[in-house]
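In what follows, a structure is listed as structure tokens, so that the remarks can point back to it.
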Amino acid sequence: MMHKPRSAAALALEKIIIDKRYSNRETAWWLLRANWSREDQRLFVRLVYGTLENLLLVDTVLGSHMNR
């Protein structure tokens, strides 16, 4: 697996939000398989959980700027 933490976080979020996967299982799956430094692991986890924590705000802001 050659994904960097940022692209992996985007893929993980897609699985969590669209496919309704459990966030803890999805993040654990990535962390077990990726050969990242501790810093990259922390970045991945912060991106995934930070996005999930702020998802309602993100949806609201994006929705107010979209025409459809």
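The values are calculated or read from the model by the stated rules, or taken from the named source; none is laboratory data. Only a predicted model underlies this, so the values are computations on that prediction, with no experimental measurement involved. Note that we place each Cβ from the backbone using ideal geometry, even for glycine, and neighbour counts take in every protein chain shown. Surface accessibility is based on the protein's heavy atoms, side chains included, excluding ligands, DNA and RNA. Shrake-Rupley method; radii C 1.70, N 1.55, O 1.52, S 1.80 Å.
What tally of residues in the stretch 35-48 results from selecting those that are under 25 Å from residue 59 (Cβ atoms) and surrounded by fewer than 16 Cβ atoms within 10 Å (Cβ to Cβ)?
1
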By residue number, the members of the stretch 1-34 that are outside any helix (DSSP H, G or I), touching a residue at least 12 places away in the same chain (Cβ under 8 Å) and exposed (fewer than 12 other Cβ atoms within 10 Å of the Cβ) are 1
Condition (residue is open to solvent by less than 70 Å² (accessible area, probe 1.4 Å) and in contact with a helix residue (DSSP H, G or I) (Cβ under 8 Å, 6 or more places away or on another chain)) applied to the stretch 60-67: is it met by at least one residue?
no
